Amino acid sequence: MAKADFNVQGGRIFYKGELIEAGIAVQDGKIIKVAKSASLPTAGETVNAKGLVILPGVIDVHVHVRDMSQKTKEDWTTASHAAAAGGITTILAMPNTSPPITTARALKQYKTIARKKSVVDYGVFIGATETNTRELTTSESCGIKLAMGSTTGNLLVEKTEKMRSILETSVKAGKTVVVHAEDEEMIKKRFLALKKRGREPPPKIHSVIRDPEAARIAVSRAIRLSKQTNAKIHIAHVSTRGELIEIVNAKKDGLLVSCEVTPHHLFLSEKDYDAKSHKLKVNPPLRSRSDVSAAWGALLEGIIDCVATDHAPHVLEDKEQDYWSSPSGLPGLETMLPLMLDSVNKSMLSLAHVADLVCTNPAKIFRLKNKGKIMEGFDADLTFVDLKREWKIRGDEFKTRCGWTPFEGRIVSGKPVKTMIRGAIVFEDGDVVGGRGREVQFK
Ligand SMILES: [Zn+2]
């Protein structure tokens, strides 16, 4: 029998859709066998997982890593440390950095920084603009990010034409287009009208300015274009009933549409706005309780394919400006898995479903090679969790540079305690202990 570098033993592992008592043999960073202890190959070492549940490494497909001119908010070191601490083994990074990633060259440079600093595996999206269609065919990206209608002054038809050509290009390039779907024109009009009045509005105004209809219209347009071009689209951060109805219908029609929901749209609502602080300003905004329950309903029915953080850190100093200046975005890398595990403990959904949402489906949607499952031949990316550990969420204990969390003080059950990437332990007992991130490969 082949010899393993080490065997993971004593835990319950998530294998082929269920939790079983078994061990995992690892050699050269790959899983070579999953079996009962007696059937594992001999190994030089044993990783003891007694009392723990082992999930496939968690994959977060929506992360704003920042770095470059925004290092004060976050960089590849702190973002990847936060990911590892949150049980996340792979992150897909967004291109709306400063400077933005809209050329193959900028993409390569950004990945060079990632290669040096990241302790978790990674991919990077290229951002679509009105003029960079040719750059989008690069094989260097993990996908194309499209912020719908983010430019102003153009006629709707013109913009739609641009979007169509971007989607057509994505088909040629074999890439999924991640769509931020909010109708910018609608939003801009309301924003300017409000600003004219000159008063400082309350934080909850954000949910009025970027209302559910602005999201629904944009999702509907994206789906129409996907149907016309046969492009594979992934709707980022769905948050409303209206969007979900559009998505259900698209899926029924057999279109190539997938979608994600963020933890803040599942676990926070408009009711959480603080009367004085813009801390919870995020795009799309927090929604009504009715939209939150629609998101949960769609999640449970399998309409939502994955949960992703949309981790978008800003330091509190930036957030605590007035409404007009406060930047949108919330940190989330260290709270996504704990909140999902807590929901399992509260019997809101099954652990198998969580594994689908944060491990298996993300890998499937973005065609990540050898990721998303505990299976022979796959990377030994493992997220060890103490499913019953009760703890209090505290932003000042987090690795993200922004140092705060919208879930401050929440008591949850379930904690990632050890993170392994390609056979190397990266996070253990509260500390990042090593790790060298590598770019993901595609199937
Ligand atoms: Zn985002």
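Can you give the accessible area per residue of region 104-255, in Å², using a 1.4 Å probe?
Per residue, region 104-255 has an accessible area of 46 Å².
Dividing the convex hull volume of the Cα atoms of region 167-216 by its residue count, what figure in Å³ per residue is obtained? Each step should come with its number before you reach the end.
Values: hull volume 4.8 nm³, N = 50.
Cα convex hull per residue, to the nearest whole number: 97 Å³.
Hey, what angle do you get for helix 336-345 against the long axis of the chain, alpha-carbon based, 0 to 90 degrees rounded to 10?
With rounding to tens, the tilt is 70 degrees.
What does the charge dipole of region 230-312 about its Cα centre add up to, to the nearest 20 debye, if the Cβ of each Lys and Arg holds +1 and the Cβ of each Asp and Glu holds -1? Intermediate results must be reported in sequence, preceding the final value.
Values: 10 positive and 11 negative charges, 38 e Å.
That gives region 230-312 a dipole magnitude of about 180 debye.
Within the accessible area of the chain, what % is carbon and sulfur when the probe is 1.4 Å and the other protein chains stay in place?
49
Calculate, in nm to one decimal, what Asp396 and Met348 gain on full extension: separation in residues at 0.36 nm each, minus their alpha carbon distance.
Values: separation 48, 0.36 × 48 = 17.28 nm, distance 2.84 nm.
Stretched fully, the Asp396-Met348 segment lengthens by 14.4 nm.
So which lysines pass the test for Lys189, namely a Cα distance under 20 Å, with those fewer than 8 places away in the same chain ruled out?
Correct list for Lys189: Lys159, Lys204, Lys281.
Can you tell me the orientation of helix 76-85 relative to the chain, as the angle in degrees between its alpha-carbon axis and the longest Cα principal axis, to the nearest 10?
60
Could you give the nm distance between label points at Asp322 and Ser290, where each point is 7 Å from its Cα heading toward the beta carbon?
Taking the two extended label points, one gets 3.3 nm.
Once R0 is set to 56 Å, what does the formula 1/(1 + (r/R0)^6) return for the Cβ-Cβ distance between Ala193 and Gln441, expressed as a FRET efficiency to the nearest 0.05? Please list the in-between numbers first.
Numbers: r = 49 Å, r/R0 = 0.87.
Computed FRET efficiency for Ala193 and Gln441 comes out at 0.70.
For region 65-150, run through the trypsin sites (Lys or Arg not before Pro) and keep only the ones in DSSP coil with at most 16 other Cβ atoms within 10 Å of their Cβ. Intermediate results must be reported in sequence, preceding the final value.
On the way: sites: Arg66, Lys71, Lys73, Arg105, Lys108, Lys111, Arg115, Lys116, Lys117, Arg134, Lys145; in loops: Arg66, Lys71, Lys73.
Sites meeting the loop and neighbour criteria: Lys71.
Distance check, please: which entries in Lys195/Lys276; Lys108/Lys364; Lys16/Lys36 exceed 22 angstrom between their Cα atoms?
Pairs exceeding the cut-off: Lys108/Lys364.
What pairs in Lys251/Lys271; Lys188/Lys252; Lys111/Lys145 have C-alpha atoms more than 25 Å from each other? Kindly include the intermediate steps, with their values, before the conclusion.
On the way: Lys251/Lys271 31 Å; Lys188/Lys252 33 Å; Lys111/Lys145 16 Å.
Result: Lys251/Lys271; Lys188/Lys252 exceed 25 Å.
Between the helical axis of 184-197 and the dominant principal axis of the chain, each derived from Cα atoms, what acute angle in degrees is found, rounded to the nearest 10?
Around 60 degrees separate the two axes.
Between region 199-257 and region 2-79, what is the C-alpha centre distance in whole Å?
35
Quick one: P(r) of the chain from all Cα-Cα pairs, 10 Å bins, percents rounded to integers, in order of increasing distance.
Cα pair-distance distribution for the chain, in percent: 5, 22, 32, 27, 11, 3, 1, 0.
Would you mind working out the magnitude of the charge dipole of the chain relative to its Cα centre, with +1 at each Lys and Arg C-beta and -1 at each Asp and Glu C-beta, to the nearest 20 Debye?
640
Show which aspartates and glutamates lie in cross-link reach of Lys443 when reach means a straight Cα distance below 14 angstrom and same-chain residues fewer than eight apart are skipped.
The reachable aspartates and glutamates, counting only those whose Cα sits under 14 Å from Lys443, are Glu140, Asp379.
Along the positive direction of the dipole of the chain (beta-carbon charges: Lys, Arg +1; Asp, Glu -1; about the Cα centre), which of Thr419, Ile304, His234 reaches farthest?
Of the listed residues, the answer is His234.
Measuring from label point to label point, each 7 Å out along Cα→Cβ, what is the Gln109 to Thr138 span in nm?
1.0
The values are calculated or read from the model by the stated rules, or taken from the named source; none is laboratory data. Just so we're clear, the structure is a prediction, and the values are computed from it rather than from any experiment. As a convention, Cβ positions derive from the backbone with ideal geometry for all residues, glycine included, and neighbour counts pool all protein chains shown. Quick note on the areas: whole protein, heavy atoms, side chains included, nothing else; ligands and nucleic acids left out. Shrake-Rupley method; radii C 1.70, N 1.55, O 1.52, S 1.80 Å.
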